[in-house]
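Right, one structure below, let's go through it.
Each value in this text was obtained by applying a stated rule to the coordinates, not by laboratory testing. As the structure is a prediction and not an experimental result, all values here were calculated from the model. Using ideal geometry, Cβ is built from the backbone for each residue, glycine included, and neighbour counts are taken over all protein chains shown.
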Amino acid sequence: MELQGNGFTLRGWKLSDAASLQRNADNINISRFLLDRFPSPYTMEAAEGWVQLWQGQDPMINFAITIDDEVVGGVGLELRADVYRKTPLIGYWLAESHWGKGIMPEAVKLVCDYAFAQLDAICILAYVLSQNTSSMRVLEKAGFSKIGVIPRSVIKGGVVMDEHVYCLNAVSVNNKPISVR
């Protein structure tokens, strides 16, 4: 499955993606605002493990962002259980050389549209570290609204920060009531 953006493609991960993934993800400016599970430095071993993990996804929830078949980023949904089963979390990253080109807001929109249409999501949430104002702008450009701030709730690199909570509801996208299965 592929989702086509303006000058980029969202697609599943291929084993041959490891080299471009490692090259583009190994940047402290990317990892400094992501969860600690995003390795830094980003080794070839980590890249190979990542692409192996996402082989044969069903449903597709984690996408490589590619330009000319080179991985320049990633965007994915974290499906949850129980009362959150229709409210995935979204996360993303993009190679620094592609920042400011409008790729990430469009990629987020494409994945959210897909989640509402194909995964029966009713709401998509994103949590952003307080110092990551660029990510906040991405979400706002993609139609998300800030719904709150959880003060002093996360620690990254030894610094305690607030976490900003963003939300996009299915009703926000198509202005129609949603039915839940």
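Being in contact (Cβ under 8 Å) with a residue 40 or more places away in the chain and part of a helix (DSSP H, G or I) is the filter here, so list the residues in the range 98-114 that pass it.
Residues satisfying the conditions are 103, 106, 107, 110, 111, 112, 113, 114.
Of the residues in the range 90-147, how many are in contact with a Cys (Cβ under 9 Å, 6 or more places away or on another chain) and among the aromatic types (Phe, Trp, Tyr)?
Residues flagged as in contact with a Cys (Cβ under 9 Å, 6 or more places away or on another chain) and among the aromatic types (Phe, Trp, Tyr) within the range 90-147 amount to 1.
Restricting to the range 118-157, name every residue that is charged (D, E, K, R) and either buried (at least 17 other Cβ atoms within 10 Å of the Cβ) or not in a helix (DSSP H, G or I) (or both). So that I can check it myself, show each step before the final result.
To start, the set of residues in the range 118-157 that are charged (D, E, K, R) comprises 120, 137, 140-141, 146, 152, 156.
Selection gives 120, 146, 152, 156.
Look through the range 26-42, keep the residues that are of a type outside the set (Asp, Glu) and out of contact with any helix residue (DSSP H, G or I) (no Cβ under 7 Å at 6 or more places or on another chain), and return whichever of them is farthest from residue 161 (Cα to Cα). Don't jump to the end; show me each part of the working.
Step one: of the range 26-42, the residues of a type outside the set (Asp, Glu) are 27-35, 37-42.
Applying the additional criterion that residues be out of contact with any helix residue (DSSP H, G or I) (no Cβ under 7 Å at 6 or more places or on another chain) yields 28, 31-32, 34-35, 37, 41.
Numbers: 28: 18, 31: 16, 32: 13, 34: 13, 35: 13, 37: 17, 41: 22 Å.
Per the criteria, the residue is 41.
Please verify whether residue 75 is crowded, with 17+ Cβ neighbours inside 10 Å and among the aliphatic types (A, V, I, L, M), treating the condition exactly as stated.
Values: crowded, with 17+ Cβ neighbours inside 10 Å: yes; among the aliphatic types (A, V, I, L, M): yes.
So residue 75 passes the test.
Every residue in the range 1-25 that is farther than 13 Å from residue 54 by Cβ, in contact with a helix residue (DSSP H, G or I) (Cβ under 7 Å, 6 or more places away or on another chain) and without any contact (Cβ under 8 Å) to a residue 40 or more places away in the chain, please.
Residue satisfying the conditions is 22 alone.
Taking the range 146-157, which residues are touching a residue at least 24 places away in the same chain (Cβ under 8 Å) and not aliphatic (A, V, I, L, M)?
First, the residues of the range 146-157 that are touching a residue at least 24 places away in the same chain (Cβ under 8 Å): 154, 156-157.
Of everything in the range 146-157, those that are touching a residue at least 24 places away in the same chain (Cβ under 8 Å) and not aliphatic (A, V, I, L, M) turn out to be 156, 157.
Conditions: (1) surrounded by 15 or more Cβ atoms within 10 Å (Cβ to Cβ); (2) free of Cβ contacts under 8 Å to residues at least 12 places away in the same chain. Residue 49 meets all but one. Number of the miss?
Only one criterion is unmet by residue 49, namely (1).
Only residues that are closer than 26 Å to residue 41 by Cβ and small (Gly, Ala, Ser): list them for the range 1-27, please.
If we filter the range 1-27 for residues that are closer than 26 Å to residue 41 by Cβ, which is where we start, we get 8, 10-27.
Selection gives 12, 16, 18, 19, 20, 25.
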